[in-house]
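S.K.: What follows is a single structure, and I will ask about it in a moment.
The values are calculated or read from the model by the stated rules, or taken from the named source; none is laboratory data. On a predicted model such as this, the values are computed, not experimentally measured, just so you know. A quick note on method: Cβ atoms are made from the backbone with ideal geometry, for glycine too, and the neighbour counts reach across all protein chains shown. SASA here: full protein model, heavy atoms, side chains in, ligands and nucleic acids out. Shrake-Rupley method; radii C 1.70, N 1.55, O 1.52, S 1.80 Å.
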Amino acid sequence: MASVGEATLKDSHVGKKKKPPARYWEELKEKEEKDENKVGEDEEKSEAAQQQEEGDEQETQKGKKRKQEEEQRDGNKSISGKSDPFPGPAPIPEGRVQKFKRKEKTKKPRRHHKKLKDVITRSEEVAEMAQKEAARFDLLLPEDAGFLEGDEDEDTCTISQEDIADAVDITSGTKYFNLKLSQFGPYRVDYSKTGRHLLLGGRRGHIACIDWQSKQLMCEINVMESVNDVKWLHSETMYAVAQKKWLYIYDSNGIELHCIRKFNDVLRMQFLPYHFLLATASSTSFLQYLDVSVGKEVAAICTKTGRLDVMCQNPHNAIIHLGHSNGTVTLWSPNQKEALVKMLCHQGGVRSVAVDKTGTYMVTSGMDKKLKVYDIRAFKPLKSYFLPAGASSLSLSQRGLLSAATGDIVQVYRDVWSSPVTKPYMAHRVPGTVWGLHFCPFEDVLGVGHGDGFTSMLVPGSGEPNFDGLDANPYRSAKQRQEWEVKALLDKIQPDLISLDPTELGHVDHATFQQKHQDRVQALGYDPLAKERFVPRFKKKGRSSTGNVERRKKQVAHEDQRDVIRKTVQEKAKMEKERSEREKKKAGLSSQRSALDRFKK
Amino acid sequence: MAKATTKKRENNNNKKSKKSLKKKKQEEEEEVQHVRHDDEEEEEGLNGGEEEEEEKHEKKEKRSKKSLKKKKQQKKEEVHVQYDDDDDVDEDEGLNGGEEEKEEEEDDDERRRNKLLEAIAGLGAQKKRKRPLVERSEAAVLMSEFTVGGGGGAGGEEEEGGGGGAEGGGVQLSDLIGSLEQTPAVSSRTKKQLKNLQRGKALETPLSRQEAQRIQRGVAFHKASQEVTRWSCIIQENQRAEQLVFPLNQDAPPAPKTIERRVRGWKARTPLEQEVFALLTANKQPIHDPVLTSHEEASLRAMSLEEAKIRRAELQKARALQSYYEARTRREKKIKSKKYHRVQNKAKRKEVLKKFDDMVKEDPAGALEELKKIEEARMKERMTLKHQNSGKWAKSKAIMAKYDLGARRAMQEQLEVNKELTQKMVTSLSKEEEEEEEEEEKEEEEVPDFVNDAEGAAGSSNPWMRGRLTEEPVEKEEKETEEVIVVGGGEKEEEEEEVLIVETEEEALLREFDSRRKRRQAQEEGKDGEEEEQQEEEERKDGEEEEKEEEERKDGEEVQEKEEKQDEKEEEKEEQQDEEEEEKEEEEEEEELSEFTSLYRDMTDRQEAPDTSSHLEEAPDTSPQLEEGLQRIRTLEDVDLLSPEADVGAEKEPQQPPPPAPPAPPKLQNKKRKRGIELKEVLTKGAKVIQVPLAPTMQAGEEEEDQQEEQQLDQRGLIMEAFAGDDVVSDFLKEKRAQEEASRPKVVDLTLPGWGEWGGTGLKPSRQKRKKFRVKAAAAAAPPTRRDSGLPSVMVTEKRSSSLSLHQVSSLPQPFITHAQFEGSIRVPLGRAWNTEKTVKKATKPRVVTRPGAIIEPMRREELMKKRRKTMSGAVDWKREHH
């Protein structure tokens, strides 16, 4: 390519000496001609070479094709006179495009419906464009999660935290630390949505919020009451504390903002960030929802299942999972007074539940010392593990690592759902009994609250490496946070829309539709959506005899079925063809004698 | 239609010319028609009859010439004339009558008198019936002298009245004209006209106004619709267009042109422009291309390629250097540090001095000039009050100088600067050096603040307060914790005895549980000898109940006949049997479950047996719950380990993997029946045993004794709680069955006892009645399969939540036919959170865009033609391509 460019340059200069100066747009044509000639020559040469090499007919055809392409390229030449070596948009890998696919294409109606056809083609265009663009911009998420890899005959679970901290860079190394807070009892832990802030709630009333990466203490108070659970609200400016009797809300300076008397004896809390709902489970078996944007109680459901101290949320559809002492896990939405789903998971009581980010898997641990993995979309058990000592609390990371605590040991598992696991990925002993576990979002860190304070563990590969700056930006400034807050409030999803299947909103409400349709049919006296019956046109000269009419009717009968049949037949034929070709090839290969055949017996 | 009218006109003309008088009479007679006498009518009838006969004969002879042809015509006419005959004729009559009246006044008088007389005479007579107009005949009372023949008049009338002229044989035009040829008085022209008339090629009568308007409207509509349909394709196109930009048909905004192209197309028009251009051309400035002047071009032309390249490289280098320099200066300018600038200035000054020194040697004249300049600067400095601490700032500083060292220093500096600038050149150099040295010394003295501060926070226990984070404290902590663990171990040994006591208590509890469980098992399986008595009791109870039922039956017998009773009995028996069967089934299921639970229990028992023994052997291996301090027992946290055997193993050898867990419970051997639900299998599915490198150790905290006592108390509750959920599976199944049952449509029994038959205690409504009033659930509309039908361990509620359906679409929007189409069209989100900007813009393109400030004119006809031509040409192109 470069040689061609030089050649043209020379040519033009030679020309310039003789002719009066000409602008590039004037000489564009000439150049093009020249280039074409040049390219043509090149092509001829290449063709000749190819012919020399193979003398194949196909190749010449290819050459011609390429020539055509070349000409086209010359057509859209840039000002500089050089042709684009890679014309058109950059290709996108098929797999990546597939990743952003949303359902199948809609089938177009066969005829008569021009308007409908237009609408469908337009929406398809948009869908395709969205898919392609998204695939193209996926390039902007370049980070990938790493993993711990042991030497030969070395289990990764035997690598100690100190070793990891020594091996990694200094900033990452500082993320492994212990806080010795033995005075105020076992700690519950919560990280804010951006992963930047840490909230610690000691059983004996000690509450501390920390910007844990810069190790800056934001506030530290003692509420002089037992603390059951702590949770950040939508941003790091506010957090909720479930105290002995009521639910309290504090701001990041430790000032008490609210005492919510409607929520009593709360044991566990979950915050649904896109709905601005704080879900609480109390010892009086009440599941309550508080809308923190308006400060109103959205729903209070009496679950009638006793003390509720196992709770988690499904981040995919904002359904709350509760674990009970009779071994069941129940799924709740604020819109229904009864459990959406009740699953019997364990023979003993359920000790902990966790749901992964995509809402596909649920991990439970029970008193029967088992750790079970469920496909929560189909409610089917996938894997069942036996932990010698059972797991008291579970936590799933953004990348699907599972941490389970047994006593004072924290174990981290990888790929619990896809491949059977026999050994933990990592294990670590903390000074006290583990009370709370939480993976830090966007960081390879696991926060462990225990009887003796808090431990921040390094777990390589746990955090999502690519963050969405508009959703949860760990590096956002105060101004950005304010802006985000306004936008998030505008985008707040109403609690009405919580359902098991989050895409249900995009479906037509069938029951109501059918009712409405029936009414319409009654009012009109006919079914407007019914398929038009084919009535053959009347033809003169005795060609509309009953037999003839019947024959004509038969010609168009079952047309929709015919399509399907035709397709299947075609597919079958294709498969058959491929198979036969393969066999032929095989036969050809077997008939050919290779050099190694002589060694065969 | 046309022919009919001509016919009428013929008649009229004849009457006008020949028998106008007679016609007159007829009309008059018509007027008084209603006062006719009966007798007169009779006469008429008679006369008319005779005359008609005669006429017929005559006519037959006369019309023999053109009989067939005429008849055909008339037949046709009859059909057409029917509806508008009447009004036409009336009009004609009116016109004719008006003209003729005056001429024949004398006759009128006479006639009137006669009529009056007649009327008076006929007053008394009863009018029997009104005869139709046709019946009236000319021959009735008075005959005009002009009458050609009564039949003719009558025929004419008949024609006028009912169009029955053909039959009546009225006078035909040909008959009258026949004699015309002989009469010379008639001009040839009129003859011709008459002949023409005869041929039937007369002008049409003008249509009525309404008719004419109707036709006009029709034509106009046709035209207009044609005109409009020409636009229909454009309208359709616009309707279907994704986006319309008004004003329409504006050519798409041209692609951005390069400046050269734009300039090239532009020409000077105004005189000013021309003048400017003239100037430019005169000075050989580039007009089109702003890049190169003619000079440059000439130089370029003069150069060879090598030279050009070199030159270009030079230019490039110069440009690059310049840009670097610019960047550097810009960067330096941004620096706000005063110190930096001070140093910089000093350096500059030094440089200048150096240069000056050099100059003195090399170029004395230049040096003198420089000297002058310096001198001048010095003079200026001396003249002004600058650097003499007399300004506003200096005054404010002077106030602060007492307390603020910085202010004092700043003032000092100002004075120094002043000194410096006012000193004479030669001496200044050495002083500056001294100053420099001083400053350097100062800098050395300065030490960063944090060096001093760091020590203060180091003492606190919180590592974060120390201000630095090394890994030493962490390691220390680790060591501490290890020590604690070791110490805990020591404490354990001390507390052995206590633990033992606790252990025994726990064992007792467990034993209690075992025994109870065994008892329950025995109950269910009915094997235990002791429990058989209970069972027998139950059976006895059942028997009593049956007896009761029988008694009821007997009561019923008294009232009803035997046969019915037998039927009923049979029915009841059947029902009972059914019920029993169902119960049996349930029992079986429960048995299965209980079997399972028993198995489970056995397993746990087996596990517990060695457990207790190990406890006896090794006292320190206490269950970890006992050692856990200060934790609430009610939380599941504390229920960590129910059967502590695993921990026992673990604690023995904390670094080794624990012994493999007991195998999964064996499968049930005797399956009585295959149910859809195999919950046991689901729950007891072979679990992978995970080997953990570290075994949990429980730290013996600093719990006090009373706390332990509390714990022990709670321990009981805890274990109770733990084993309360033994029958979890059966409970769950029961619940699920109940839910399924509830969701199934039920049979509603609406029978009212004693309604339509005898009622009372022991009487049951008859079978027929019950059958009649039992409303069965629609069997055809079988309930859809439940979502949890294939899932034994799951219950999914079938209730719909109405809150979501409020937001859902419940009717298909216009163009869509099926749900799938609509759902497919909204499957892609439009928001910015899920899409790239480009996609969002495309997806939310407005349907109509109006350019601000543009005049939107209606479409013109030419555009239509243009489009058509375009499409035509397109079609042609297409054809060309394809052929």
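S.K.: By the scheme Lys and Arg +1, Asp and Glu -1, what is the net charge of all other residues having a beta-carbon under 13 Å from that of A:Gly359?
M.R.: Once positives and negatives cancel, what remains is -1.
S.K.: Run the quick spin-label model on A:Asp151 and B:Ile826: label points 7 Å from Cα toward the beta carbon, then report their separation in nm to one decimal.
M.R.: About 6.2 nm separates the two model spin labels.
S.K.: Pairs to check: A:Lys175/A:Lys357; A:Lys193/A:Lys215; B:Lys336/B:Lys419; A:Lys215/A:Lys357; A:Lys342/B:Lys734; A:Lys516/B:Lys776. Give those whose C-alpha atoms are more than 20 Å from each other in this structure.
M.R.: Going by Cα-Cα distance, A:Lys175/A:Lys357; B:Lys336/B:Lys419; A:Lys215/A:Lys357; A:Lys516/B:Lys776 fall outside the 20 Å limit.
S.K.: Give me the angle, in degrees from 0 to 90, between the Cα long axis of helix A:24-53 and the longest principal axis of the Cα atoms of chain A, rounded to the nearest 10.
M.R.: Orientation of helix A:24-53: about 90 degrees from the principal axis.
S.K.: Then there's this: With every protein chain left in place and a probe of 1.4 Å, what is the accessible surface of B:Ser188, to the nearest 10 Å²?
M.R.: Counting only protein heavy atoms, the figure is 90 Å².
S.K.: What ranking do A:156-168, A:126-138 get when scored by the average of other Cβ atoms within 10 Å per residue, highest first?
M.R.: Working: A:156-168: 16.3, A:126-138: 18.5.
Going by the mean number of other Cβ atoms within 10 Å, highest first, we get A:126-138, A:156-168.
S.K.: I need the calculated FRET efficiency for the pair A:Arg377 and A:Met238, taking r as the beta carbon distance and R₀ as 30 Å, to the nearest 0.05.
M.R.: It comes out at approximately 0.35.
S.K.: Something else now. Would you work out if the range A:219-305 is rounded, prolate or oblate? Take a ≥ b ≥ c from the square roots of the eigenvalues of the alpha-carbon gyration tensor; rounded if a/c is under 1.5, else prolate when a/b is larger than b/c, oblate otherwise.
M.R.: Working: a/c = 2.04, a/b = 1.25, b/c = 1.63.
Because a/c hits 1.5 or more and a/b fails to exceed b/c, the range A:219-305 counts as oblate.
S.K.: Same structure, new question: Through the Karplus equation 6.51 cos²θ - 1.76 cosθ + 1.60, θ set to phi - 60°, convert the phi angles of the range A:536-552 into ³J(HN,Hα) values in whole Hz; use x for Gly and Pro.
M.R.: These are the phi-based 3J(HN,Hα) values: x, 5, 6, 10, 7, 6, x, 8, 9, 5, 4, x, 4, 4, 4, 4, 5 Hz.
S.K.: Rank these residues by their accessible area, most exposed first, probe 1.4 Å: A:His507, A:His346.
M.R.: On the way: A:His507 50, A:His346 0 Å².
Solvent-accessible surface, decreasing: A:His507, A:His346.
S.K.: Keeping all protein chains in position, work out how much accessible area A:Ser172 exposes to a 1.4 Å probe, and write it in Å² to the nearest 10.
M.R.: Number for this one is 30 Å².
S.K.: Does the range A:156-483 come out rounded, prolate or oblate by the C-alpha gyration tensor, with a ≥ b ≥ c the root eigenvalues, rounded set by a/c under 1.5 and, if not, prolate when a/b is larger than b/c and oblate if not?
M.R.: Rounded is the answer for the range A:156-483, as its axis ratio a/c remains below 1.5.
S.K.: Shifting gears a bit: What does the charge count around A:Glu532 come to, taking other residues whose C-beta lies under 14 Å from its C-beta (Lys +1, Arg +1, Asp -1, Glu -1)?
M.R.: Result for the local shell: +3.
S.K.: How large is ³J(HN,Hα) for each residue in the range B:754-767, as worked out from phi by the Karplus curve 6.51 cos²θ - 1.76 cosθ + 1.60 (θ = phi - 60°), to whole Hz, x for Gly and Pro?
M.R.: The phi angles translate into x, 9, x, 7, 6, x, x, 5, x, 9, 10, x, 5, 5 Hz.
S.K.: Would you mind checking the pairs A:Lys105/A:Lys383; A:Lys479/B:Lys334; A:Lys554/B:Lys867; A:Lys423/B:Lys736; B:Lys395/B:Lys424; A:Lys107/A:Lys541 and listing those with alpha carbons more than 31 angstrom apart?
M.R.: As for pairs spanning more than 31 Å Cα to Cα, those are A:Lys105/A:Lys383; A:Lys554/B:Lys867; A:Lys423/B:Lys736; A:Lys107/A:Lys541.
S.K.: In addition: All other residues with a Cβ under 10 Å from the Cβ of B:Ala401 taken together, and with Lys, Arg as +1 and Asp, Glu as -1, what is their net charge?
M.R.: +3
S.K.: Put A:Asp509, A:Asp471 in order of accessible area, largest first, 1.4 Å probe: what do you get?
M.R.: Highest to lowest solvent-accessible surface, that is A:Asp471, A:Asp509.
S.K.: May I ask you to rank A:His324, B:His222 by accessible area, largest first, using a 1.4 Å probe over the protein chains only?
M.R.: B:His222, A:His324
S.K.: Peptide A:327-339: average number of partner chain Cβ atoms within 10 Å per residue?
M.R.: Other-chain Cβ atoms within 10 Å of each residue's Cβ, averaged: 3.
S.K.: OK, next. Arranged from highest to lowest average of other beta-carbon atoms within 10 Å per residue, in what order do the peptides B:844-853, B:732-741 appear?
M.R.: Put in order of decreasing packing, that is B:732-741, B:844-853.
S.K.: If you look at just the Cα atoms of chain A, how large are its Rg and its Dmax in Å?
M.R.: Reported Rg and Dmax, both Å: 34.3, 106.
S.K.: I'd like the FRET efficiency for B:Asp357 and A:Arg110, computed as 1/(1 + (r/R0)^6) with the beta carbon distance as r and R0 of 60 Å, rounded to 0.05.
M.R.: For R0 = 60 Å, the calculated efficiency reads 0.05.
S.K.: Same structure, new question: At a probe radius of 1.4 Å, what is the per-residue accessible area of B:Lys346, in Å² to the nearest 10?
M.R.: 40 Å²
S.K.: Given H placed 1.01 Å from N in the peptide plane, which residues other than close sequence neighbours of A:Leu267 have an amide H under 5 Å from its amide H?
M.R.: A:Ala281, A:Ser282, A:Ser283
S.K.: With angles folded into 0 to 90 degrees, how steeply does helix A:57-75 sit against the dominant principal axis of chain A? Use alpha carbons for both and round to 10.
M.R.: Here the helix axis deviates by roughly 70 degrees.
S.K.: List the residues, sorted by chain then number, that are 5 or more residues from A:Thr406 or on another chain and whose placed amide H is less than 5 Å from its amide H.
M.R.: Under 5 Å from the amide H of A:Thr406: A:Ser392, A:Gln411.
S.K.: Rounded to the nearest 100 Å², what's the accessible area chains B and A bury against each other, both chains counted, probe 1.4 Å?
M.R.: Values: alone 68950 and 37700 Å², together 96060 Å².
Approximately 10600 Å², summed over both chains.
S.K.: Rounded to the nearest 0.05, what FRET efficiency do B:Arg800 and B:Thr751 give with R0 = 35 Å and r taken as the Cβ-Cβ distance? Could you check?
M.R.: Calculated value: 0.60.
S.K.: Any idea what the dipole of chain A comes to, in debye rounded to 20, about its Cα centre with Lys/Arg Cβ at +1 and Asp/Glu Cβ at -1?
M.R.: 3980 debye
S.K.: Give me the distance between the Cα centres of the range B:170-197 and the range A:573-601, rounded to whole Å.
M.R.: One Cα centre to the other: 111 Å.
S.K.: Please compute the contact order of chain A in relative form: average sequence separation of alpha-carbon pairs under 8 Å and at least six residues apart, divided by the residue count, as a percent.
M.R.: Rounded, it is 9 percent for chain A.
S.K.: Pick out, from A:Pro502, A:Pro315, A:Ala90, the residue whose Cα sits farthest towards the positive end of the charge dipole of chain A, with +1 on the Cβ of Lys and Arg and -1 on the Cβ of Asp and Glu.
M.R.: Final value for the positive-end residue is A:Pro502.
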